[in-house]
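The values are calculated or read from the model by the stated rules, or taken from the named source; none is laboratory data. Worth saying up front: this structure is predicted, and the values here are computed from it rather than measured. As a convention, Cβ positions derive from the backbone with ideal geometry for all residues, glycine included, and neighbour counts pool all protein chains shown. Just so you know, the surface numbers come from the protein's heavy atoms only, side chains and all, with ligands and any DNA or RNA stripped out. Shrake-Rupley method; radii C 1.70, N 1.55, O 1.52, S 1.80 Å.
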Amino acid sequence: MPELPEVETTLRGIEPFLSGHVIREITVRNSALRWPVPTDVRLAEGTRVRRCWRRGKYLLVETEPVDTESAAPGGGLLFHLGMSGSLRICGAEDAPRKHDHVDLVLENGKCVRFNDPRRFGVFTWWNAPACAHKLLKDLGPEPLSEAFSGHHLWKASRGRKGAVKNFIMDGKTVVGVGNIYASEALFMAGIHPARQAGRISAVRYDALAAAIRDVLGRAIRRGGTTLRDFLNTDGNPGYFARELLVYEREGKPCFQCGAAVKRKVIGQRSSYYCPRCQR
Ligand SMILES: [Zn+2]
(Lines give C-alpha, C1' and ligand atoms only; values in the text may rest on other atoms or scores of the structure.)
Protein backbone atom coordinates (compact mmCIF):
# COMPACT_ATOMS: atom_id res chain seq x y z
CA MET A 1 0.00 0.00 0.00
CA PRO A 2 1.38 3.44 -0.84
CA GLU A 3 2.30 5.18 2.42
CA LEU A 4 3.23 8.81 3.01
CA PRO A 5 6.81 8.52 1.62
CA GLU A 6 5.54 6.93 -1.60
CA VAL A 7 2.87 9.63 -1.93
CA GLU A 8 5.52 12.34 -1.39
CA THR A 9 7.70 10.64 -4.03
CA THR A 10 4.74 10.58 -6.41
CA LEU A 11 4.10 14.29 -5.75
CA ARG A 12 7.72 15.17 -6.54
CA GLY A 13 7.45 13.07 -9.70
CA ILE A 14 4.30 14.65 -11.14
CA GLU A 15 4.66 18.23 -9.85
CA PRO A 16 7.15 19.47 -12.50
CA PHE A 17 4.93 18.07 -15.28
CA LEU A 18 1.78 19.72 -13.95
CA SER A 19 2.62 23.10 -12.41
CA GLY A 20 2.06 25.96 -14.81
CA HIS A 21 0.47 23.71 -17.44
CA VAL A 22 -3.05 23.85 -18.80
CA ILE A 23 -5.33 20.82 -18.43
CA ARG A 24 -6.95 20.19 -21.81
CA GLU A 25 -9.19 17.32 -20.85
CA ILE A 26 -10.07 14.93 -18.05
CA THR A 27 -10.76 11.40 -19.25
CA VAL A 28 -12.51 9.03 -16.85
CA ARG A 29 -12.57 5.45 -18.18
CA ASN A 30 -13.94 3.93 -15.00
CA SER A 31 -15.64 6.14 -12.45
CA ALA A 32 -16.22 3.30 -9.92
CA LEU A 33 -13.35 4.12 -7.59
CA ARG A 34 -13.73 4.15 -3.81
CA TRP A 35 -16.45 6.72 -4.40
CA PRO A 36 -17.95 7.49 -7.82
CA VAL A 37 -15.89 10.13 -9.60
CA PRO A 38 -18.08 13.29 -9.61
CA THR A 39 -18.73 15.18 -12.83
CA ASP A 40 -17.29 18.25 -11.03
CA VAL A 41 -13.79 17.06 -11.97
CA ARG A 42 -14.49 18.55 -15.40
CA LEU A 43 -14.27 22.00 -13.80
CA ALA A 44 -10.51 21.50 -14.17
CA GLU A 45 -10.71 21.35 -17.97
CA GLY A 46 -9.23 24.48 -19.52
CA THR A 47 -7.65 25.62 -16.25
CA ARG A 48 -3.98 26.05 -15.45
CA VAL A 49 -2.32 24.15 -12.61
CA ARG A 50 -1.17 26.69 -10.05
CA ARG A 51 0.60 24.20 -7.78
CA CYS A 52 0.53 20.64 -6.47
CA TRP A 53 0.87 19.64 -2.87
CA ARG A 54 0.26 16.85 -0.41
CA ARG A 55 -1.86 16.73 2.73
CA GLY A 56 -1.44 13.42 4.53
CA LYS A 57 -1.76 10.85 1.77
CA TYR A 58 -3.94 13.12 -0.38
CA LEU A 59 -2.43 14.70 -3.50
CA LEU A 60 -3.91 18.06 -4.44
CA VAL A 61 -3.70 19.73 -7.82
CA GLU A 62 -4.77 23.37 -7.44
CA THR A 63 -6.08 25.02 -10.58
CA GLU A 64 -6.68 28.62 -11.67
CA PRO A 65 -8.49 30.10 -14.65
CA VAL A 66 -6.26 30.69 -17.68
CA ASP A 67 -8.26 33.80 -18.40
CA THR A 68 -8.22 35.83 -15.20
CA GLU A 69 -11.46 37.53 -16.25
CA SER A 70 -13.38 34.29 -15.93
CA ALA A 71 -15.20 33.59 -12.73
CA ALA A 72 -14.44 29.87 -12.50
CA PRO A 73 -14.53 28.72 -8.88
CA GLY A 74 -11.25 28.29 -7.03
CA GLY A 75 -10.36 24.71 -6.29
CA GLY A 76 -8.75 21.73 -7.84
CA LEU A 77 -8.41 17.99 -8.14
CA LEU A 78 -7.69 15.52 -5.37
CA PHE A 79 -6.18 12.04 -5.62
CA HIS A 80 -5.74 9.33 -3.01
CA LEU A 81 -3.81 6.25 -4.12
CA GLY A 82 -5.84 3.92 -1.91
CA MET A 83 -4.43 0.39 -1.64
CA SER A 84 -2.88 -0.03 -5.06
CA GLY A 85 -3.02 3.28 -6.96
CA SER A 86 -0.20 4.97 -8.84
CA LEU A 87 0.23 7.97 -11.10
CA ARG A 88 2.53 8.03 -14.08
CA ILE A 89 3.51 10.43 -16.83
CA CYS A 90 2.91 9.31 -20.37
CA GLY A 91 1.91 10.68 -23.77
CA ALA A 92 -1.79 11.44 -24.24
CA GLU A 93 -1.82 9.13 -27.28
CA ASP A 94 -0.24 6.17 -25.47
CA ALA A 95 -2.69 3.26 -25.32
CA PRO A 96 -4.16 2.83 -21.84
CA ARG A 97 -3.25 -0.29 -19.92
CA LYS A 98 -5.54 -2.38 -17.80
CA HIS A 99 -6.71 -0.45 -14.70
CA ASP A 100 -5.78 2.97 -16.15
CA HIS A 101 -8.93 4.72 -14.94
CA VAL A 102 -8.24 8.46 -15.23
CA ASP A 103 -6.15 10.75 -17.47
CA LEU A 104 -5.29 14.41 -16.95
CA VAL A 105 -4.43 15.39 -20.50
CA LEU A 106 -2.30 18.52 -20.77
CA GLU A 107 -2.16 20.98 -23.64
CA ASN A 108 1.42 19.97 -24.39
CA GLY A 109 0.32 16.40 -25.18
CA LYS A 110 1.59 14.92 -21.92
CA CYS A 111 -0.71 13.03 -19.65
CA VAL A 112 -0.86 12.16 -15.96
CA ARG A 113 -2.47 8.73 -15.78
CA PHE A 114 -4.04 7.13 -12.70
CA ASN A 115 -3.85 3.36 -12.45
CA ASP A 116 -5.54 1.46 -9.63
CA PRO A 117 -6.21 -2.30 -9.88
CA ARG A 118 -8.13 -2.55 -6.60
CA ARG A 119 -10.03 0.74 -7.03
CA PHE A 120 -9.84 1.89 -3.43
CA GLY A 121 -8.33 5.12 -4.71
CA VAL A 122 -10.07 8.48 -4.82
CA PHE A 123 -10.34 11.07 -7.59
CA THR A 124 -12.53 14.06 -6.88
CA TRP A 125 -12.86 17.83 -6.99
CA TRP A 126 -12.45 20.27 -4.10
CA ASN A 127 -13.58 23.85 -3.74
CA ALA A 128 -11.24 26.32 -2.07
CA PRO A 129 -10.22 26.38 0.67
CA ALA A 130 -8.95 22.80 0.54
CA CYS A 131 -8.63 22.60 4.32
CA ALA A 132 -12.44 22.75 4.58
CA HIS A 133 -12.95 19.66 2.39
CA LYS A 134 -14.61 16.79 4.25
CA LEU A 135 -11.66 14.46 3.65
CA LEU A 136 -9.10 16.99 4.89
CA LYS A 137 -10.72 19.07 7.62
CA ASP A 138 -10.10 16.67 10.52
CA LEU A 139 -6.55 15.71 9.66
CA GLY A 140 -3.86 16.11 12.30
CA PRO A 141 -0.53 17.85 11.70
CA GLU A 142 2.02 16.77 9.11
CA PRO A 143 4.70 14.68 10.84
CA LEU A 144 7.55 16.64 9.26
CA SER A 145 6.06 20.05 10.08
CA GLU A 146 6.68 22.38 13.01
CA ALA A 147 3.19 21.66 14.33
CA PHE A 148 4.14 18.08 15.14
CA SER A 149 6.06 17.39 18.36
CA GLY A 150 6.26 15.17 21.40
CA HIS A 151 4.27 17.78 23.25
CA HIS A 152 1.49 17.53 20.65
CA LEU A 153 1.36 13.73 21.09
CA TRP A 154 1.48 13.96 24.87
CA LYS A 155 -1.29 16.54 25.03
CA ALA A 156 -3.55 14.73 22.55
CA SER A 157 -3.10 11.41 24.35
CA ARG A 158 -4.20 12.43 27.86
CA GLY A 159 -7.13 10.27 28.95
CA ARG A 160 -6.73 7.92 25.97
CA LYS A 161 -6.99 4.28 26.99
CA GLY A 162 -6.29 2.72 23.57
CA ALA A 163 -2.97 1.31 22.41
CA VAL A 164 -0.32 3.88 21.50
CA LYS A 165 0.13 2.23 18.10
CA ASN A 166 -3.51 2.87 17.17
CA PHE A 167 -3.20 6.40 18.56
CA ILE A 168 -0.27 7.36 16.31
CA MET A 169 -1.86 5.66 13.28
CA ASP A 170 -5.02 7.75 13.70
CA GLY A 171 -4.93 10.54 11.09
CA LYS A 172 -6.54 12.90 13.59
CA THR A 173 -3.46 12.56 15.82
CA VAL A 174 -0.87 12.93 13.06
CA VAL A 175 -1.14 12.10 9.36
CA GLY A 176 0.82 9.52 7.41
CA VAL A 177 2.04 7.15 10.11
CA GLY A 178 1.12 3.85 8.48
CA ASN A 179 1.51 0.38 9.93
CA ILE A 180 5.13 -0.13 8.89
CA TYR A 181 6.31 3.26 10.14
CA ALA A 182 4.37 2.97 13.40
CA SER A 183 6.07 -0.34 14.24
CA GLU A 184 9.48 1.03 13.33
CA ALA A 185 9.11 4.30 15.23
CA LEU A 186 7.83 2.57 18.38
CA PHE A 187 10.85 0.25 18.30
CA MET A 188 13.23 3.19 17.87
CA ALA A 189 11.58 4.96 20.83
CA GLY A 190 11.56 1.78 23.00
CA ILE A 191 7.78 1.91 23.48
CA HIS A 192 5.64 -1.24 23.49
CA PRO A 193 2.98 -0.90 20.75
CA ALA A 194 0.13 -2.06 23.03
CA ARG A 195 0.91 0.41 25.81
CA GLN A 196 -1.96 2.74 26.76
CA ALA A 197 -1.49 6.05 24.94
CA GLY A 198 -2.64 8.08 27.94
CA ARG A 199 -0.04 6.57 30.25
CA ILE A 200 3.11 7.48 28.34
CA SER A 201 5.26 10.33 29.65
CA ALA A 202 6.07 13.56 27.81
CA VAL A 203 9.75 12.57 27.62
CA ARG A 204 8.93 9.29 25.92
CA TYR A 205 6.61 11.08 23.49
CA ASP A 206 9.51 13.40 22.61
CA ALA A 207 11.51 10.30 21.66
CA LEU A 208 8.56 8.89 19.70
CA ALA A 209 7.98 12.12 17.75
CA ALA A 210 11.69 12.22 16.88
CA ALA A 211 11.54 8.57 15.74
CA ILE A 212 8.48 9.22 13.55
CA ARG A 213 10.23 12.17 11.90
CA ASP A 214 13.38 10.13 11.44
CA VAL A 215 11.78 7.05 9.89
CA LEU A 216 9.49 9.03 7.57
CA GLY A 217 12.26 11.47 6.63
CA ARG A 218 14.60 8.62 5.71
CA ALA A 219 11.90 6.85 3.72
CA ILE A 220 11.15 10.04 1.77
CA ARG A 221 14.85 10.55 1.03
CA ARG A 222 15.12 6.97 -0.22
CA GLY A 223 12.02 7.48 -2.34
CA GLY A 224 13.75 10.54 -3.75
CA THR A 225 16.76 8.53 -4.84
CA THR A 226 14.60 6.28 -7.01
CA LEU A 227 12.61 9.14 -8.52
CA ARG A 228 14.34 8.68 -11.87
CA ASP A 229 12.88 5.19 -12.14
CA PHE A 230 9.45 6.60 -11.46
CA LEU A 231 9.86 9.01 -14.34
CA ASN A 232 10.84 6.24 -16.72
CA THR A 233 7.09 5.88 -17.26
CA ASP A 234 7.15 2.19 -16.44
CA GLY A 235 4.31 3.01 -14.08
CA ASN A 236 6.12 1.90 -10.96
CA PRO A 237 6.92 4.65 -8.49
CA GLY A 238 10.24 3.99 -6.82
CA TYR A 239 8.92 2.60 -3.59
CA PHE A 240 11.22 2.95 -0.60
CA ALA A 241 13.62 0.02 -0.46
CA ARG A 242 12.95 -0.55 3.17
CA GLU A 243 15.57 -1.28 5.77
CA LEU A 244 13.30 -2.41 8.51
CA LEU A 245 14.28 -2.99 12.13
CA VAL A 246 11.25 -4.98 13.30
CA TYR A 247 8.52 -4.90 10.65
CA GLU A 248 7.91 -8.41 9.24
CA ARG A 249 10.87 -9.76 11.23
CA GLU A 250 8.91 -12.07 13.55
CA GLY A 251 11.20 -14.63 15.20
CA LYS A 252 14.36 -12.94 13.96
CA PRO A 253 16.88 -11.44 16.42
CA CYS A 254 16.42 -7.84 17.55
CA PHE A 255 19.24 -5.69 16.13
CA GLN A 256 19.68 -4.09 19.54
CA CYS A 257 19.54 -7.00 22.02
CA GLY A 258 19.25 -10.26 20.08
CA ALA A 259 15.85 -11.28 21.54
CA ALA A 260 13.34 -12.72 19.05
CA VAL A 261 11.09 -10.08 17.48
CA LYS A 262 7.44 -10.72 18.28
CA ARG A 263 4.26 -10.12 16.33
CA LYS A 264 0.97 -9.08 17.92
CA VAL A 265 -2.29 -8.05 16.29
CA ILE A 266 -3.32 -4.61 17.56
CA GLY A 267 -6.31 -2.87 16.02
CA GLN A 268 -6.52 -5.67 13.41
CA ARG A 269 -3.02 -4.88 12.15
CA SER A 270 0.15 -6.88 12.68
CA SER A 271 2.53 -5.12 15.01
CA TYR A 272 6.16 -6.14 15.37
CA TYR A 273 8.20 -5.36 18.46
CA CYS A 274 11.07 -6.48 20.65
CA PRO A 275 9.74 -7.80 23.98
CA ARG A 276 12.99 -6.78 25.71
CA CYS A 277 13.66 -3.32 24.24
CA GLN A 278 10.09 -2.03 24.19
CA ARG A 279 8.15 -1.35 27.35
ZN1 LIG B 1 15.61 -5.83 21.58
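Listed values, structure above:
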| item | result |
| --- | --- |
| Between 0 and 90°, nearest 10: helix 4-18 axis offset from the chain longest Cα axis | 20 degrees |
| Descending principal axes extents, the chain, alpha-carbon based, whole Å | 62, 36, 30 |
| Value of D in µm² per second that Stokes-Einstein yields for the range 159-212, Kirkwood Rh from Cα pairs, at 10 °C (1.306 mPa s) | 147 µm²/s |
| Amide proton proximity set for Ile191, modelled H, under 5 Å, gap of 5+ | Arg279 |
| Over 18 Å (Cα to Cα) - which of Lys172/Lys262; Lys137/Lys172; Lys57/Lys161 fall in this group | Lys172/Lys262; Lys57/Lys161 |
| Average projection area in nm² (convex hull over Cα atoms of the range 17-147, one quarter of hull surface) | 8.4 nm² |
| Per-residue HN-Hα couplings for the range 48-65 [Karplus 6.51, -1.76, 1.60; θ = phi - 60°; Hz; x = Gly/Pro] | 9, 7, 7, 6, 10, 8, 10, 10, x, 9, 8, 9, 10, 10, 8, 10, 9, x |
| Rg ratio (alpha-carbon, reference 2.2 N^0.38 Å) - the range 92-222 | 1.35 |
| Proximal lysines relative to Lys98, as straight alpha-carbon distance under 20 Å, when same-chain residues fewer than 8 apart are discounted | Lys110 |
| Cα-based helix-to-principal-axis angle, 202-225 vs the chain, degrees rounded to 10 | 40 degrees |
| Relative packing of peptides 103-109, 77-83 - highest average C-beta neighbours within 10 Å first | 77-83, 103-109 |
| Angle between the chain longest axis and helix 179-189 axis [Cα atoms, degrees, rounded to 10] | 40 degrees |
| Expected 222 nm ellipticity per residue - DSSP helices of 4 or more, -39500 (n - 2.57), all of the chain, to 500 | -7500 deg cm²/dmol |
| Solvent-accessible area per residue for the chain (1.4 angstrom probe, square angstrom) | 47 Å² |
| With every protein chain in place, the chain: carbon and sulfur % of accessible area (1.4 Å) | 49 percent |
